[in-house]
1. Once the piece of chain linking LEU80 and ALA20 is laid out straight, how much longer is it, given 0.36 nm per residue of separation minus the C-alpha distance between them?
2. Grab the beta carbon distance between ASP9 and ARG146, set R0 = 25 Å, and tell me the FRET efficiency rounded to 0.05.
Amino acid sequence: MARSVEYVDFFHAEIDPVLAEAREIARQRNGWINIRPRPLEDADEEQIAEFAPTPPDAPIGLFARWRVIVIEGTWVPGKLGRNGAEDASVGLQHPAGRFAVRQLRDAGHPVPEGWRVVTDHARRGLVLAVPDGPDGAVTHVEEILRWLLGAGAALAPWQVTGRWRAEIHRR
């Protein structure tokens with residue numbers, strides 16, 4: 001089965017084009033969406049990136065490579081199986097280090113009630129499970145996208161300009 005990728009640039013206050021695509025993916029459960037901040041001008045994509053060292057508790061410590069970390073949010077609707085739908089997966093790669101859930105709570109942008117923390121790791125990022133609502137996977141799509149945008153702004157405000165790019169993947 002062929003995959004397709006579509007790119008949609010949008011502003012934080014104008015997520016309707018991405019939301020329409022996300023709702024369609026949620027209905028069909030046939031893809032996923034990644035979102036990343038974009039610079040206000042297309043000239044320099046690197047202006048929002050930062051280099052972050054490997055966390056000090058890493059086994060190889062100071063000898064590990066530095067890596068570029070740009071906020072990236074991901075939403076994948078759960079697959080349908082014999083026992084019903086799996087939970088949707090919401091991920092956030094970020095440069096904020098350990099305890100992102102605590103940092104988000106302290107910033108006034110907590111993980112919503114009913115969402116389950118799967119992983120909160122300095123290197124692998126934050127992964128959450130979101131159960132389907134009464135309308136299936138479509139129920140929480142807008143809440144998920146808005147939460148990802150706010151979480152990115154809370155954990156790396158220097159990267160967020162208000163302009164974002166969505167990568168819409170379809171299977």
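1. 19.5 nm
2. 0.90
Where a number appears in this text, it was derived from the coordinates with a stated rule and is not lab data. Keep in mind it's a predicted model, so treat the numbers as computed, not measured. Ideal geometry is used to build each Cβ from the backbone, glycine not excepted, and the neighbour counts take in all protein chains shown.
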